[in-house]
Amino acid sequence: MAEAFNEIVLPAEKARRYAAVAEEIAAVLEGEPNLVARMATVSSMLASSFDHYFWTGFYIVDPAKGDELVVGPYQGTLGCMRIAFGRGVCGTAAATRQTQLVEDVHAFPGHIACDGRSASEIVVPVFDPEGGLLAVFDVDSDRPAAFDVTDQQGLERILAQTFGRRA
């Protein structure tokens, strides 16, 4: 696997890194049908590929509740166990089915502080091939404004290729 970045990089370099990681993930997951294995692998490979990632993982739609997320495979400190749709950044991404790019989590209405060191966040909805919401993919950084449109595009592409499609 390619080496992680140790500093903030230019958007073009970051875009190339996302493309390379997308190829690596696709190769590793080829033929693997298990959803948990796929999520664990994506979390691990992305967490080790970008230095600005502090917490990386999935919150899965709880089929028993339908409007609540439960923590899934992740890399990092302890995550929140459950998040209601519409609550915090993850719940907002689930409710709206749209990526949330947050430069300052402390300014986000209803932000849930699972770890007080988190400063910025990006949350991408994850869809199955039929367009149903499976989960959200959450990445936190301990740096303010750590994520940009390059991160958004890279993550949306990787998640669409790995789990299904974009909404």
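The values are calculated or read from the model by the stated rules, or taken from the named source; none is laboratory data. A quick note: this is a predicted structure, and the numbers were derived from the prediction, not measured. A quick note on method: Cβ atoms are made from the backbone with ideal geometry, for glycine too, and the neighbour counts reach across all protein chains shown.
Within the range 80-98, is there a residue that is among the hydrophobic types (A, V, I, L, M, F, W, C) and touching a Cys at 6+ places or on another chain (Cβ under 7 Å)? Within the range 80-98 (the criterion being among the hydrophobic types (A, V, I, L, M, F, W, C) and touching a Cys at 6+ places or on another chain (Cβ under 7 Å)), the answer is yes, since at least one residue qualifies.
From the list VAL28, VAL9, the lone residue that is touching a helix residue (DSSP H, G or I) at 6+ places or on another chain (Cβ under 8 Å), over 23 Å from THR77 (Cβ atoms), hydrophobic (A, V, I, L, M, F, W, C) and modelled with pLDDT under 95 is VAL9.
The single condition among (1) assigned to a loop (DSSP other than H, G, I, E, B); (2) within 21 Å of ALA19 (Cα to Cα); (3) touching a Lys or Arg at 6+ places or on another chain (Cβ under 9 Å) that ASP151 does not satisfy is (1). Summed over the range 63-82, residues that are within 15 Å of the chain's Cα centre (by Cα) and among the aliphatic types (A, V, I, L, M) total 3.
Based on this model, can you work out whether VAL28 counts as of a type in the set (A, V, I, L, M, F, W, C), over 18 Å from VAL136 (Cα atoms) and assigned to a helix (DSSP H, G or I)? So VAL28 passes the test. State which residue is surrounded by the most Cβ atoms within 10 Å (Cβ to Cβ) when the search covers only the range 61-77 and only residues that are modelled with pLDDT of 95 or more and more than 22 Å from THR96 (Cα to Cα). Across the range 61-77, the extreme among qualifying residues is TYR74. Among the candidates LEU29, LEU10, the residue that is over 15 Å from LEU155 (Cβ atoms), over 15 Å from the mean Cα position of the chain (by Cα), surrounded by fewer than 20 Cβ atoms within 10 Å (Cβ to Cβ) and touching a residue at least 12 places away in the same chain (Cβ under 8 Å) is uniquely LEU29. In the range 35-66, of all residues being free of Cβ contacts under 8 Å to residues at least 24 places away in the same chain and part of a loop (DSSP other than H, G, I, E, B), the one that is nearest to VAL139 (Cα to Cα) corresponds to ASP62.
For the range 67-83, a residue qualifies if it is over 14 Å from VAL136 (Cα atoms) and among the small types (Gly, Ala, Ser), and exactly one does: GLY76.
Here ASP115 clears all of (1) modelled with pLDDT under 95; (2) assigned to a strand (DSSP E or B); (3) of a type in the set (Asp, Glu) except the condition numbered (2).
Of the residues making up the range 121-146, those that are surrounded by 24 or more Cβ atoms within 10 Å (Cβ to Cβ) and in a loop (DSSP other than H, G, I, E, B) number 0.
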